[in-house]
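Taking it in order: structure first as structure tokens, then the write-up.
No value in this document is a laboratory result; all are computed from the given coordinates. Predicted model only: the values in this text are computed from it and were never measured. For neighbour counting, all protein chains shown are included, and Cβ atoms are generated from backbone atoms with ideal geometry for every residue, glycine included.
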Amino acid sequence: MKKKAPELRKKALKAEKREQAMIEGILEGSPDAIGVVVIRLECGCRKMAAVAKDGEPASKIIMYRDMAESICEKCKQDNGAFVRVTESFIHWVDPPPSDEEQEIIYRKVLGSQPAH
Ligand SMILES: [Zn+2]
């Protein structure tokens, strides 16, 4: 199902339609945000949080599950543990910050640059 893109994962990863709707909602409620961190968990749940331009959180962390009233039992227990993260990226507002700024924020928020 997953297509392998030759470019960097950072560029390859894009918000899905339903994620996009959530992202827009988060951005609306977070005027300081320059992006939204999107974390996909292996169980299908999602974790999101707005990030400000200094890399600090600009909203609280939101967890949700598509087509479900609540997140799954696993996530309720471990709160979406890092070991179960399959993908993470930042969805930037338009226009996005410079590549340099993006890298700094990536490091601050996700600990490192996404793997190539
Ligand atoms: Zn879950």
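Arrange 94, 99 by Cβ neighbour counts within 10 Å, fewest through most, would you? Don't skip to the answer; put the middle values down first.
Numbers: 94 4, 99 9.
In increasing order of surrounding Cβ atoms, one gets 94, 99.
About the Cα centre of the range 63-114, what is the dipole size in debye to 20, counting +1 per Lys and Arg Cβ and -1 per Asp and Glu Cβ, all else neutral?
Values: 6 positive and 10 negative charges, 71 e Å.
Computed about the Cα centre, the dipole is about 340 debye.
Using only Cα positions of the range 39-116, each an equal point scatterer, no hydration layer, compute I(q)/I(0) via Debye at q = 0.14, 0.15 Å⁻¹ and quote the log10 values to two decimals.
-0.50, -0.57
At 222 nm, what helix-only mean residue ellipticity would the chain give, in deg cm²/dmol to the nearest 500, using -39500 (n - 2.57) for each DSSP H run of four or more?
Details: 4 runs with 34 residues, N = 116.
When only DSSP H runs of four or more count, the value is -8000 deg cm²/dmol.
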